[in-house]
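The values are calculated or read from the model by the stated rules, or taken from the named source; none is laboratory data. It should be emphasised that the depicted structure is a prediction, and the values quoted were computed from it without experimental measurement. Counting neighbours? That spans all protein chains shown, and the Cβs are built from the backbone with ideal geometry, glycine included.
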Amino acid sequence: MRLNADERANHTGQQKLARVPSMDQSIPNLVSTSDDPLKAGTDVLIIPVGGPESRGAIYDSVNAACDAELDKTLDALGFTKATANTVTQTLVHDMVIMLVGLGDQPDLEAYRMAVGSAIQQVPEGKRVAVAAGDEPVIAGAIAEGAVLGAYHFDRYRNVEQERLDEIVIVTKASAAVERADVMATATALARNLVNTPPANKRPEDLADTIAGLLKDNNVSVTIRDQAWLEAHDGNGLLAVCRGSEHEPRLVELDYNPAGAERHVVLVGKGITFDTGGINLKPSQGMADMKSDMAGTAVVTAVMSALAALDVKVRVTGFCTIAENMPSGTAQRPSDVITMMNGKTVEVGNTDAEGRLVMADGLVLGSRMKPDVIIDLATLTGAQIVVAGMEIACVMGTADVAMDEFEEAAETEGEEYIRLPLPKRYATGLKSNIADMNNISGAGFGAGTIMAGMFLAEFVEEDTPWFHVDFAGPSFRDSVSGYLSPGGTGFGVRSLLAWLETGNIPPRA
Ligand code: BES
Ligand code: MN
Ligand code: ZN
């Protein structure tokens, strides 16, 4: 039976750690202890192991308690240079010891991946502890990898699954485990939103879900409906959603802690399903387009965790939510939209809908004159060609902010490639009848850059801006380390780690 967080806290008698809201119990409860792991009463103890010189205090004490059984096991397997993510199991005093290889010179991501791999081999329903050492940054990475590796999205299963209820992290660095719990819970929230089927996250429902999730998190929520968008020229959202039976929504979120000296605006693409519209996508892979609201999922998840992480920066989020459907009322290729900032856009392709809805968010957000505006969007298939399924692309005008962001992201194991916005391509979006087209001509290439060039036209007031295109890393179809099939939550921890530093360059 699955217990909720409060019930579990009572059940285990252990201190309940800070939690951010999650729509499901999709990850186990995370607790820390500095007690002897052999006496913690779990069924399994996971020990990450590097080279022979650096196996850690817990390895050494377990090894001593079992007449060097661990050394013998590793030696018998020729485990001198621990192979990354390989799991070996031995029984010591009625406890299964899982040794997981970290590979040579492990970075923090190697700890996450190794422990995530090991957790996935723990039979469901067993009690598990993970040896994490006392170095806070490493213990935090281990805790994140453990809890995210145990992520499951079971909402739509009839047969109740027996999942891990709790993971015990053996460390003195309890604050690092608490932070990891917030990071992982926020990541799981983004995964849950992405994994939700599109019929259950129509724009009005998704907006209400977001409001419900954030109501107790020091975040104010304002939902803008169709009438509001009509009165405020939100014509990107209106045009894209015209083919849908459902109205678009723009959700504005604001976290404004006392004494905040910097202001960051986040804009997240929220296409609840992208059929392509009248420029209908081929059926191959279309089902993955339930993930086309991953930008909105990341913005929501980030907002949910700001208070728990005591972020000192004001953060405003805009979720631009619409459903891109073909129908008798849908917009047509060659239609012209007058956008919120007055620019006219010829719709060369109804499948380039993300940039249209993002434009509304960028105009509204940049008019607040924040120190920096960041948008996150599953914007182009070309992004996957540029950087593949595990790395996102970043481009924009906010050079210093991009540096700070990428640096913070690295500690969370999320990787970005910088793309330019070259002047010579500025003419690529020309239209024969309007100010611009939403696509460049056949054979122009540089699809990810051109989408960024389009968005740049909607950033006002000289606001420093960068754009994250994460079409690839936002969603995956296989398990790997702490990553599971479906939504990945990519971007959540990058943004939180950066906002946590408070290292936001002031606007000029
Ligand atoms: N949502 C898609 C981009 C996408 C593709 C995300 C694959 C995740 C995986 C976006 O709306 C789209 O359809 N982009 C078009 C743009 C083109 C028509 C200029 C694309 O990339 O093909
Ligand atoms: Mn599209
Ligand atoms: Zn799309």
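Structure notes:
- Checking every residue in the range 350-363 against the condition of being more than 16 Å from ligand 3 (Cβ to nearest atom), at pLDDT 95 or above, surrounded by fewer than 21 Cβ atoms within 10 Å (Cβ to Cβ) and assigned by TED's automatic domain parsing to the domain that holds Ala231 gives zero matches.
- For the range 5-21, the count of residues that are at pLDDT 75 or above and under 32 Å from the mean Cα position of the chain (by Cα) is zero.
- Selection from the range 454-486 of residues that are buried (at least 24 other Cβ atoms within 10 Å of the Cβ) and part of a helix (DSSP H, G or I): Phe454, Leu455
- Residue list for the range 324-353, filter: more than 16 Å from ligand 2 (Cβ to nearest atom), of a type outside the set (Gly, Ala, Ser) and over 21 Å from Glu252 (Cα atoms): Thr329, Val336, Thr338, Lys343, Thr344, Glu346
- Options Leu362, Leu356: the member that is within 16 Å of ligand 2 (Cβ to nearest atom) and touching a residue at least 60 places away in the same chain (Cβ under 8 Å): Leu356
- Scanning the range 277-313 for residues that are more than 16 Å from ligand 2 (Cβ to nearest atom), crowded, with 21+ Cβ neighbours inside 10 Å and farther than 18 Å from Phe470 by Cβ gives Ser304, Ala305, Leu306, Ala308, Val311, Val313.
- Only a single criterion out of (1) part of a helix (DSSP H, G or I); (2) within 11 Å of ligand 1 (Cβ to nearest atom); (3) surrounded by 22 or more Cβ atoms within 10 Å (Cβ to Cβ) is not satisfied by Lys269, namely (1).
- Being among the hydrophobic types (A, V, I, L, M, F, W, C), within 16 Å of ligand 3 (Cβ to nearest atom) and either surrounded by 24 or more Cβ atoms within 10 Å (Cβ to Cβ) or more than 21 Å from Met358 (Cβ to Cβ) (or both) is a property that does not hold for Ala227.
- Filter result for Val168 (within 16 Å of ligand 1 (Cβ to nearest atom), modelled with pLDDT of 95 or more and over 18 Å from the mean Cα position of the chain (by Cα)): no
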